[in-house]
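Colleague: Sending over a structure as structure tokens; questions will come in a sec.
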Amino acid sequence: MSGTVEGLARAYAKRWLWKVAAPVAVPVFGVLTLLLIPLAVLAAPEASPATASSSCSTGGTGATVAGTELDAVQMGHAQTIVTVASAQGLDPHAATVALATAYQESRFRMLANDGSRPQLTAEQAAVTATSLHFPHDGLGSDHDSVNTFQQRWIAGWGNVAQLMDPVYAAEAFYQRLIEVPNWQIIPLTEAAQAVQVSAYGSAYAHWEPLARELTAVLWPAAEATAADPGGVVAGVCPGLPVASGSWIRPTAGTVTSGYGPRGGALHAGVDIAGPRDAPVYAAADGTVITAACTSTYCDRDGSLSLAGYGNLVELDHGVGLTTRYAHLSAYSVTAGQRVSAGALLGFQGSTGNSTGVHLHLEVRLAGSSVDPVPWLADRGVDLRASDAG
């Protein structure tokens, strides 16, 4: 992912989601209520242990904005677009132009392309189809266009890998937008068309009311993230209602790496891989003893050459028992905070010593790690149960 902005956007994101005081006339508290609609993920306390939901991300939950229903994935992409604008020092109008454009082009979906359009040569089709190897929300079919803005690698927007990065896509849009003469004062649809060169250049105007209201909703969170890119974000997603004393599965996804020796060292936990920015919840009641970046940087994805857990949250559950939640894209708690089982801790990411999006979960007794799978199984939590969110 590109530069420090990836850590700001996460949104994505990823990636996908998507976070209120409005700089224009917007019913702020009503919008907040919509953004924080509770997740229906748990029944009565005596039911089976809760399963974490991935329908919430750093973009927030779904909402209805200017009469348009947007789900969490769409809100996440919208938040990424707005946060990149703020990170680049642009004003809310730039974000409004970008949002109107992206909604017209993709409905805020990260679209891949299978290269099946007849206008492409066999070689162009093969290159375009590599977009399928990156996280995406569906397929587009316009020439070699990909991503939320439907940018074309053949037209010089970047290579396919770059274009399938939601942050890069937004950066590329803004780079061309600010080169448009008088883009701040000409009609929005003209500014968008100057960037996109679309066959339907007048269509962007239709989404201007949506884009303006959505910018008002998302801009404050974008400013806050740009001011503090280290990893902490507001708890924009609701926690899970969990009975006190219970243990739960902390996130959505599939176990991809278990506890035990790996590469000549002990893999002291279990990896659960789900969607980028899938929420991570406290597995049990506890007190936050660590909420920090533990690597050289955490504002973007890490690598195997980088040491540390990346963004890490550690909880103390008493009697010498702790749990660790590592490689987070962002966290939403602070050291010393008391949390209940099901409280939102952060979001799945790939910061630190990591090569892919996942949660690295550890259980420690008196400082020594134990295998989380059987340990949690004894408490009614099956980490290996199939769970895509």
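Colleague: Tell me the net charge near G342. Cut-off is 14 Å between Cβ atoms, G342 excluded, with +1 for each Lys or Arg and -1 for each Asp or Glu. Working shown, then result.
Modeller: On the way: positive: R249, R338; negative: D285.
Result for the local shell: +1.
Colleague: Something else: I'd like the FRET efficiency for I185 and A335, computed as 1/(1 + (r/R0)^6) with the beta carbon distance as r and R0 of 51 Å, rounded to 0.05. Mind showing how you got there, number by number?
Modeller: Details: r = 47 Å, r/R0 = 0.92.
For I185 and A335, the calculated efficiency is 0.60.
Colleague: Placing +1 on the Cβ of each Lys and Arg and -1 on the Cβ of each Asp and Glu in the range 329-389, which of A335, G380, S354 has its Cα farthest towards the positive end of the resulting dipole?
Modeller: Looking along the dipole axis, the top candidate is A335.
Colleague: Determine the sum of side-chain charges near G156: Lys and Arg each +1, Asp and Glu each -1, restricted to other residues whose C-beta is under 13 angstrom from that of G156.
Modeller: On the way: positive: R152, R176; negative: D144.
Cβ neighbours under 13 Å give a net charge of +1.
Colleague: Positive end of the charge dipole of the range 197-349 (Lys, Arg +1 and Asp, Glu -1 on Cβ, about the Cα centre): tell me which of P250, S198, G263 has its Cα farthest that way.
Modeller: The residue sitting farthest along the positive end of the dipole is G263.
Colleague: Summing +1 for each Lys or Arg and -1 for each Asp or Glu, what net charge is found among the other residues whose Cβ lies under 11 Å from the Cβ of S354? Walk me through the numbers on the way to the answer.
Modeller: Working: positive: none; negative: D271, D301.
Value of the local net charge: -2.
Colleague: Now for a different question. With each pseudo-label sitting 7 Å past Cα toward Cβ, what's the T121-T68 distance in nm, one decimal?
Modeller: 3.7
Colleague: Calculate, in nm to one decimal, what L304 and D378 gain on full extension: separation in residues at 0.36 nm each, minus their alpha carbon distance.
Modeller: Values: separation 74, 0.36 × 74 = 26.64 nm, distance 3.26 nm.
Gain in length upon complete extension: 23.4 nm.
Colleague: Order of H143, H206, H358 from fewest to most other C-beta atoms within 10 Å? Let's see the in-between values first.
Modeller: Working: H143 18, H206 13, H358 25.
By the 10 Å Cβ count, ascending: H206, H143, H358.
Throughout, read-outs are computed from the coordinates displayed, never taken from laboratory work. As the structure is a computational prediction, the values presented were derived from the model and not from experiment. When we count neighbours, we look across all protein chains shown, and the Cβ atoms used for this are built from the backbone with ideal geometry, even at glycine.
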